[in-house]
Amino acid sequence: KIDEILIDLRSLASKAGVTFVQAEIEGIDLKKKKLLLAGRPEIEYSSLSLNIGTKTNFHSKSLIRSDEKSAVPIKPFSKALKFIIDQDIYKDDLLAKPFVVIGAGFAGIEIACSLRKRWPKRSIQLSVKPGKKITKNLLKTLKVLNIEIIGKNQSSLYPTLICTGNKSLEWIKDSGLRIDHHGRVLTKKTLQVINYPELFAVGDCGVIKDTSRPSSGVLAVRSAIPLAKNLEAKGKGLKLSEWSPQKNAIQLLDVNSKKIL
């Protein structure tokens, strides 16, 4: 249930004596040191830590226009979840249109397997781009779960969930901050943004210069402690510590067909 994974940030911030503001970020004014918000007054900062994640790498041009209403990116997850819940009425309908998951990375496969547990009888298809290889064990599991592998979305009329990787938010690209070819903000090993020592960037939206790593939840979580320590050190005028993320991490997929069936 969604309630089991939500964190009440407003309550948490209140207990910590921190002001909580919920608003969409539209941009940043680096000269005036102001964060620009949608529908709210701008916020002036002396120090700022960015951990805004990414959005789905969704190229609408690759889909037919009539597809846009029925094709929903996995991020932001709130919209994707609503889309999935709306499709629950077809969970036992063998004649319902197939539900398509585009993207055969770990995220796409995990989502397809989770949907099979949610919808035991509905037709589910996993769209794999040409040249993408899936291991034999995963292919075997997908076959057992009756998840059909297709080359591409065969109909613009099928409900589709897009899990095709991540890309940076547009305002980051237009901010004037130094970014890499993925659109992630470049930082020093102290997690401070290059040329802007009052800014920090971690998680999927930031990457340490010359220490390129793929966006990963493992690295995002591991950066929390060094970030917290450096934010505290900066506030006290102390020397900041350097941090280097690990080169490798294990990725686990819980798609045991016996558990699901």
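The values are calculated or read from the model by the stated rules, or taken from the named source; none is laboratory data. Note that the structure is predicted; figures quoted are calculated from it, not measured. When we count neighbours, we look across all protein chains shown, and the Cβ atoms used for this are built from the backbone with ideal geometry, even at glycine. Calculation scope for accessible area: heavy atoms of the full protein, side chains included, ligands and nucleic acids excluded. Shrake-Rupley method; radii C 1.70, N 1.55, O 1.52, S 1.80 Å.
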Scanning region 247-261 for residues that are open to solvent by 60 Å² or more (accessible area, probe 1.4 Å) and part of a loop (DSSP other than H, G, I, E, B), the one modelled with the lowest pLDDT turns out to be LEU261
Give, as residue ranges, the strands (runs of 3 or more DSSP E) completely inside region 133-244 that count at least 3 residues that are over 30 Å from TRP119 (Cβ atoms).
185-187, 196-201, 206-208
Total residues in region 92-104, condition open to solvent by less than 30 Å² (accessible area, probe 1.4 Å) and modelled with pLDDT under 90
2
Cβ pairs under 9 Å, 6+ apart, first in region 12-27 and touching a residue at least 12 places away in the same chain (Cβ under 8 Å) and outside any loop (DSSP other than H, G, I, E, B), second of a type in the set (Gly, Ala, Ser) and open to solvent by less than 80 Å² (accessible area, probe 1.4 Å):
ILE25/ALA38; GLU26/ALA38; GLY27/SER175
Is it the case that SER78 is assigned to a helix (DSSP H, G or I), surrounded by 12 or more Cβ atoms within 10 Å (Cβ to Cβ) and free of Cβ contacts under 8 Å to residues at least 24 places away in the same chain?
no
When restricted to ILE89, ILE179, ILE172, ILE111, the only residue touching a Cys at 6+ places or on another chain (Cβ under 8 Å), open to solvent by 20 Å² or more (accessible area, probe 1.4 Å) and modelled with pLDDT of 90 or more is ILE111
